[in-house]
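Below you'll find the structure, written out as structure tokens, and then a few comments.
No lab work stands behind these numbers, since they all come straight from the coordinates. Treat the numbers as computed from the prediction; the structure is a model and nothing was measured. Every residue, glycine among them, receives a Cβ derived from its backbone with ideal geometry; neighbour counts consider all protein chains shown.
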């Protein structure tokens, strides 16, 4: 048992931290989030060409780095911490991980190569219910043609490639569709959190290449969602950390009633409460990332993955929302102005808390595991 | 609209407060709670002979004072505040109020006279589920003979008279049974909170006088429970008030790190949080007591009574448990010793929070009113 | 203790309701339910016209003495008016600060000349006021006033320099009441004056502050050699703190019940959404909706106690908890709204950043626990004033 | 970062489990799962005998260096031992304070003579220790020591006068380590000494403190001219604070995982009750059981990080939150247990006041957030040490 980062993992994290701090300044985030794409294409180019982050989870045999989800979580914690507007999450943590689980095929190969080459991808699936577990509302695919809608698709408006979950007669399958394929209409959504671009997609008789059939489709979708939950938890840990750090910096400087705000015990205790939630979320995140790697290696069960993902996602969501909410409060009047960044973290925390299931949904899922089975 | 006590109500409350403070000292409570009866019979005698509290809600025509539930709540707040061990709640707030709702009969008349004369009574009904709404588990009555069990009956071990809710073939009815009637076996329960004696009762072919038949029985039981919830809320407001007062007194005296504990902002804010819950509960209580009077006067609906009772009971429960729990914390190490009284308040708050429905049960009841009906 | 209103009060209620129904129509239909907290920047011209309509109907300043054009309305009548106003969807009151804060303060502290100069404009719904209390960097520390006022013997005017912040409706107001230091040798609560300063002058500059909602309800106001007359100081130099505190004392009270009607509208909308999208069958959401309902009811009961409790000159226990209670409740309501909305919570009405009503409410509630004394300050006040616990020490720096 | 244990560690686990299965039987069957927090007063003689059985098997003091009779067990092995011990229902350790606190402190600060005098008795499970830190009225303020130690040149002994409180197992212990002031001219952390005082002497009186549970896990200990030898001071006079703090540093660590196994047992029992009485179908209870499960899992992950984090000499971020985290979690578990038990929560096992296991746990958890540094103190520590916020000012009085 070794529950700390290795030297290599620490190095990856430090490099990611430095890079993101450099490119994802407050000004950069604010420019990217109202831009056409929703992210800075130049930064994405640096990520894919200089840093090769997209190669991280690709098997070495396929030209990647062959690293695991622990490394992915370490990186996402840093991108979340700086609210990096980027197609990294959609492309690598979602689409690429979905593809990794598919059986070998030309479509799979071409998608992995495209991503390695710097192209973007999105994982297309929603259920309109927030937790995304319900597969009944997916677009339908008959005779190779896809019809239907999906909403809240991360980077779905601009992705070069779409990995689309559909329902065929036999069940859920995955297709690879070009972002600009005929019959695909895409529009970005105007969202409260502007640091992550969402889109609604309409498929009208669209054809694509099948990545997997109904034998594996549902399982792959569900595993991809669990991994996305852990990835989202990693970003949320970063959001919570930065909310705490920026608030602590503010209260140490700000003087009221002749004292720094930081000297008020009630303020100190609020910060301590944030830290308890934050560090606990981080522990739950690291554990879940380890479980993700074990699952991908075939050495643990889907139930274990679900349990770890629910714990990490629920805790990190609550930590981030609490940290950013208290952060606004600690900032006082300026906390709710557009000028300070804490409100951006607050909105991101809110959006991501709801993404893939609110905390109480995750608790009920855990309760079902604990209480409704046969085990005592 | 006049949402404050009248002069007369203030006088009643002040007199009750002085009397209870005198007779229900810490030593007195500790002696009474381990005594055979669970209360001091001499104090009960003073209450019924000198103060005539039992006459409070009896109609003037029947020889009572003809006062309402606002006065009842004002008194119970004071008895709760000093943890007065007494059959007052069971006899007056429950059995007498049940009798008041029954149609005129010899049984009703004799019970009211007995209570006016200083005898005690208990209201016998449980469902084993804590909220007591379920009437299916009541003792059965066939051919005038009562068979079955009831548990958690307040003062049921010693009451002179029992008002027993039973199921007859036609539905729920109420019987008046002598406490020492043949076939009645009673045993007191060993309980965590020792300031209110509970008993389990067994009825084996017991006969009594019918107070009301199945035409009114269920309605009377349900109204009696709502009134008991408001009465319990009143006691809980008293519990919360004294938990706060004794804790504030302690922290103002106690010095740590060269300062009174009361000077620590975190401690101050905890006290402020208690006060918010306490005063809100008090407002909800007063409102509910007014609604109780309106209901008894026929000028409002059962739904309004249920709503007000649920709000008062849920809030007062949470306020008292919070106040006593934080109170222990503010007392520090001595808070969990048997020597200090705060632990008695804590146990009473716990017991009474659960009595007649935990807060989340009341919330769900309110949610059903708000969400499951036809109104928008 | 009784819950019902008298027959006379119920008749008053009917009168208010009828007038509102008659008048909140036609040209004013569009501003129903608009202009409340978080929405103060909309329909300003229409809402000013509405103030004048109200004045013509005799519905401005009803609590004022009859000598100043009011109705000397009882507490019950004020409660009823505010409830009916909110129920009818009466728009956010542009004249609120003048009517409920400045007016009563002038009536208590003003000279007859000052009263004659300022009260009629307020009563007529034609002159609007804004506040100049908070300063940048001072936050909840109202005594930390750096704005200075110097009496210029030559011009016989007060000359004011400094900056105020969190001033709502500044650009719509004719006057600003400004707390400024008249004696620079004093600190804290001493050496302050309370000034009534015309906004339309070269020395006053207003700069909107963009909020997290993308809108700008508040402003910074800069005073650079701004002036007001020798008679435009309320009370004497040095009495500014006492006047300012008295003004804040008028802030609490009957308007709370109107505020609660707005809250009820929001909760009703949440319940509608929950029923429509199925969230009403989620047990955790049900618990939270019930909690919101309980909290709002109890807020009302708190207010009823507060309003029934004597002459209102001393702050009762239930009054002291009021701000902390409602702001925390409202903040939780905002989160509940989002969780009930589900995936749609994230999707706005339109580009670039047009928030729906519940979305705007959610974001704006984060200000509720900050403005008007943060929740931390409120807890200090409760602990110190209501419970008699030691005061927080002031720092040395 | 990996979750699995090495093959050698798994072999060690099997060895521990087998030994416990063989030995926690027969005469020791009755003490399985007994003697834990809130239950420390039961089966004391049997548990002392058990300590000796453990010692014979080589399972006391496994973390100590081999030179002192230990196994120099790795962190992983200590974790495994504690987990298996708790899983098997190993009774509350009477020798815990000697093994995990006094022993390591003696090994770090003691002279060879002191080590030879005291360590073997601890290792053999024959000599038990209790602590004398807290004083009446001092609470969490450990530096507020009024107990005095004076060296008597005539008898060549230290003479100790004062009172300690919250001392568990005092009447069962052979020795007490006592922090006492050697230099009465000093205050706070200065001028203290750390003494090892025999309990069996006329100058030492033990008085049990009855708790809200009706039992007495803690005691007051009175020192009236109590004595210990010239060599029974650990470190020099004046170094008492440093030694005392080092001792507390040994308190955290691997035992946390064993504690968590006890918590897991409690949670399992709650789940059993919930399934049996139908509370498991109550949505609010389901949320809270899930929360308890999540919290306990996360507590374990926190411990794993803490134990994997370097040499343990500096308190890591996750270590600093540990006490606050578990005590708050456990307090909530206690309330959950009661709410799950429903009406039966109120009914005790027997007269006069025999609490069931979950009832006792519920009441005793209210002590968890107080002893060993209240939650308030823990938050101060986190804010000041981990986040670098200003320290609370000490008062003047």
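Here are a few things to note about the model shown:
- Label distances, nm, residue D:393 versus same residue in remaining copies, Cβ-directed 7 Å point: 0.3
- Computed Rg/Rh of the range D:125-282, alpha carbon atoms with Kirkwood Rh: 1.12
- When residue B:183 is represented by a point 7 angstrom out along its Cα-to-C-beta vector, the spacings to that point in the other copies are 8.0 nm, nearest first.
- Among D:34, D:93, D:300: highest mean-square fluctuation, GNM of chain D, C-alpha pairs under 10 Å: D:300
- Dividing the Cα radius of gyration of the range B:208-301 by 2.2 N^0.38 Å, with N the residue count, gives 1.67.
- Residue order, fewest to most beta carbons within 10 Å, for C:320, B:369, B:72: B:369, C:320, B:72
- Average other protein chain Cβ within 10 Å of Cβ, residues D:370-376: 5
- Peptides A:270-278, A:20-28 ordered by packing proxy, namely the average of other Cβ atoms within 10 Å per residue, highest first: A:270-278, A:20-28.
- For the axis carrying chain D to chain C: nearest C-beta residue of D, whole Å: D:283, 2
- Sorted fewest first by neighbouring Cβ atoms within 10 angstrom, D:333, A:252, D:24 come out as A:252, D:24, D:333.
- Sequence-distant contacts, meaning Cα pairs under 8 Å at least 6 residues apart, place the relative contact order of the range B:14-134 at 26 percent.
- For residue C:184, label point 7 Å along C-beta direction: distances to other copies, nm: 5.8
- Between residue C:161 and residue D:2, the modelled labels are 7.2 nm apart [label points 7 Å from Cα along Cα→Cβ].
- Spacing of the two label points (7 Å from each Cα toward its C-beta) at residue B:204 and residue C:150, in nm: 10.0
- Between the range D:97-121 and the range C:376-397, the alpha-carbon centres lie 48 Å apart.
- Shape of the range D:223-355, Cα gyration tensor, a/c cut at 1.5: oblate
- Protection proxy ranking of C:122-128, D:135-141 - average other beta-carbon atoms within 10 Å, highest first: C:122-128, D:135-141
- Across peptide B:351-361, the mean count of Cβ atoms from other chains lying within 10 Å of each residue's own Cβ comes to 4.
- According to the Kirkwood relation over distinct C-alpha pairs, the hydrodynamic radius of the protein assembly as shown is 35.9 Å.
- Counting Cβ atoms of other protein chains within 10 Å of each residue's Cβ and taking the mean over peptide B:326-338 gives 6.
- Inter-label distance, nm, simple model (7 Å from Cα along the C-beta direction), residue A:245/residue D:18: 5.1
- The Cα atoms of the range D:91-134 give a gyration tensor whose axes a ≥ b ≥ c have a/c of 1.5 or more with a/b no greater than b/c, which makes the shape oblate.
- Least to most buried among D:172, B:36, A:279 (fewest other Cβ within 10 Å first): B:36, D:172, A:279
- Comparing B:258, B:325, B:183 in a Gaussian network model of chain B where C-alpha atoms under 10 Å apart are linked, the largest mean-square fluctuation is found at B:258.
- Relative contact order, percent, chain D [alpha-carbon distance under 8 Å, six or more residues apart]: 13
- Principal-axis analysis of the Cα atoms of chain A puts helix A:7-23 at an angle of about 80° to the longest axis.
- Degrees separating the helix A:217-253 axis from the principal Cα axis of chain A, which is the longest one: 20
- Candidates A:173, A:304, A:121, ranked by Gaussian network fluctuation over chain A, Cα under 10 Å, top entry: A:304
- Mean separation of Cα contacts under 8 Å (6+ apart) over length of chain A, as relative contact order %: 16
- Annotation: the antiparallel percentage among DSSP beta bridges lying fully within the protein assembly as shown is about 85.
- For the axis carrying chain B to chain A: nearest C-beta residue of B, whole Å: B:265, 2
- The calculated 222 nm mean residue ellipticity attributable to helices in chain A amounts to -16500 deg cm²/dmol, summing -39500 (n - 2.57) over DSSP H runs of n ≥ 4 and dividing by all residues.
- The long axis of helix C:75-87 is offset from the longest Cα principal axis of chain C by roughly 60 degrees.
- Ranked by the mean number of other Cβ atoms within 10 Å of their residues, highest first, the peptides D:339-349, A:129-139 fall in the order D:339-349, A:129-139.
- Between the alpha-carbon centres of the range A:195-233 and the range B:299-341 there is a gap of 49 Å.
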